[in-house]
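As structure tokens, the structure follows; a few thoughts come after it.
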Amino acid sequence: MDLQVIAFWIIAFVTLGSALAVVYLTNIVHSALALIMTFLGIASLYLTLHADFLAAVQVLVYAGAVSILIVFGIMLITRGEGRMCETNTFGKYKYTAFVVIAALFGVISYFIIITPWQVTNGIVAEENMGTIGEVLFNNFVIPFELAAILLTVAMIGAIVIAREVKNLK
Amino acid sequence: MLTQYATIGILFLGAIAFGSIAMILSRLLQPHRPYSQKMETYECGMVTRGTAWVQFKNSYFLYAMVFLIFDIETIFLYPWAVKFQSLGLFAIIEMFIFLTILIIGFWYAWKEGALEWQ
């Protein structure tokens, strides 16, 4: 077995293990930590597929931004009467969750099986970060600047909402 | 390219091994004679109060919002920094406009006291 296959199996094992830990750990803060580990595992899977820009985006958006939002969701909502050690218990919805997840698994598996996957003979680009840079800064100038306006609007919106909540208190 | 990232993986495995070997060795070598004073949480010699698992203040919320925006900005900075030399002056102006728009938002956050501790 070559290095890439070994790396894939180690990463897949860690990713699935931490994804299971998200569900099975009873402390929701530990679950959040395991979720970050899952995100990082997926980022390294992207690296094994030579998608280094996507891996960087995965680390910055999911392991950085989304995990911050999840931690704030945990910290703003009180669960388990303040005892953080018993905050991730979903005993009541065990069977409902099983049916929903089994259905989702079935649908996704069905579409993976019926899709005619095409194997390209072309060589995968060794380095795609520079290509993305060139396309973004030469062909997509206006969308790039619009992204800045979108981010600014999002930040100002969040501050306006937070200030209104503070005034209501 | 993958072998370059493999060194990060080896570093990661080395870090895990370093931490876990130190903990396992100390667990194996230490004498185990616990009593109640010894098992207490050490906090600068003071008697501890309450539990460690508490919810932190939500004043951090607006810091987090500002962090999110500049986290996303970093994604755009990354390919720009890789191709910085070959893209030329136009790309520098583009990035300057991009950062200016974001700094307007940052200035508004600052003005509204989002960065002040309450």
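The values are calculated or read from the model by the stated rules, or taken from the named source; none is laboratory data. Every value quoted in this text rests on a predicted model; they were computed, and no experiment measured them. All Cβ positions, even for glycine, are placed from backbone atoms using ideal geometry, and neighbour counts span all protein chains on display. The accessibility values were calculated without ligands, DNA or RNA, using every heavy atom of the protein model including side chains. Shrake-Rupley method; radii C 1.70, N 1.55, O 1.52, S 1.80 Å.
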note = Expected output for region A:8-30 (first residue among the aromatic types (Phe, Trp, Tyr), partner crowded, with 16+ Cβ neighbours inside 10 Å, Cβ below 7 Å, 6+ apart or cross-chain) is A:Phe8/A:Thr48
ask   = Quick one: what pairs do we get from region B:85-113, first residue on the phi > 0 side of the Ramachandran plot and of a type outside the set (Gly, Ala, Ser), second assigned to a helix (DSSP H, G or I) and open to solvent by 60 Å² or more (accessible area, probe 1.4 Å), C-beta under 8 Å, 6+ apart or different chains?
value = none
request  = Output the residues belonging to region A:155-169 that are surrounded by fewer than 15 Cβ atoms within 10 Å (Cβ to Cβ) and closer than 13 Å to B:Tyr108 by Cβ.
outcome  = A:Gly157, A:Val160, A:Arg163
query = Yes or no: B:Glu43 assigned to a helix (DSSP H, G or I) and of a type in the set (D, E, K, R)?
reply = no
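Mind telling me which of the residues B:Ile75, B:Ile97 ends up being aliphatic (A, V, I, L, M), at pLDDT 85 or above and under 22 Å from the mean Cα position of the chain (by Cα)?
Going through B:Ile75, B:Ile97 in turn, the sole match is B:Ile75.
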task = For A:Leu54, state whether it is within 21 Å of A:Asn128 (Cα to Cα) and within 11 Å of chain B (Cβ to nearest Cβ).
result = yes
request  = Could you tell me whether any residue of region B:19-26 is exposed (fewer than 12 other Cβ atoms within 10 Å of the Cβ) and at pLDDT below 85?
outcome  = no
key: Hey, B:Thr100 assigned to a helix (DSSP H, G or I) and either facing chain A (nearest Cβ under 10 Å) or open to solvent by 60 Å² or more (accessible area, probe 1.4 Å) (or both) or not   = yes
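Only residues that are of a type outside the set (A, V, I, L, M, F, W, C) and more than 28 Å from A:Gly41 (Cβ to Cβ): list them for region B:1-38, please. Write out each step before concluding.
If we filter region B:1-38 for residues that are of a type outside the set (A, V, I, L, M, F, W, C), which is where we start, we get B:3-5, B:7, B:9, B:14, B:19-20, B:26-27, B:30-38.
The answer is B:Ser26, B:Gln30, B:Pro31, B:His32, B:Arg33, B:Pro34, B:Tyr35, B:Ser36, B:Gln37, B:Lys38.
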ask   = Taking region B:62-84 as the search range and keeping residues that are over 19 Å from A:Val66 (Cβ atoms) and at the interface with chain A (Cβ under 7 Å from one of its Cβ atoms), which one is least open to solvent (accessible area, probe 1.4 Å)?
value = B:Pro79
message = Which count do you get for residues in region B:46-61 that are at pLDDT 75 or above and open to solvent by less than 100 Å² (accessible area, probe 1.4 Å)?
response = 2
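More than 7 Å from chain A (Cβ to nearest Cβ), open to solvent by less than 20 Å² (accessible area, probe 1.4 Å) and either farther than 20 Å from A:Leu69 by Cα or under 25 Å from the mean Cα position of the chain (by Cα) (or both): does that describe B:Gly88? Please lay out each step first, then the result.
On the way: more than 7 Å from chain A (Cβ to nearest Cβ): yes; open to solvent by less than 20 Å² (accessible area, probe 1.4 Å): no; either farther than 20 Å from A:Leu69 by Cα or under 25 Å from the mean Cα position of the chain (by Cα) (or both): yes.
Considered against the rule, which asks whether it is more than 7 Å from chain A (Cβ to nearest Cβ), open to solvent by less than 20 Å² (accessible area, probe 1.4 Å) and either farther than 20 Å from A:Leu69 by Cα or under 25 Å from the mean Cα position of the chain (by Cα) (or both), B:Gly88 comes out as no.
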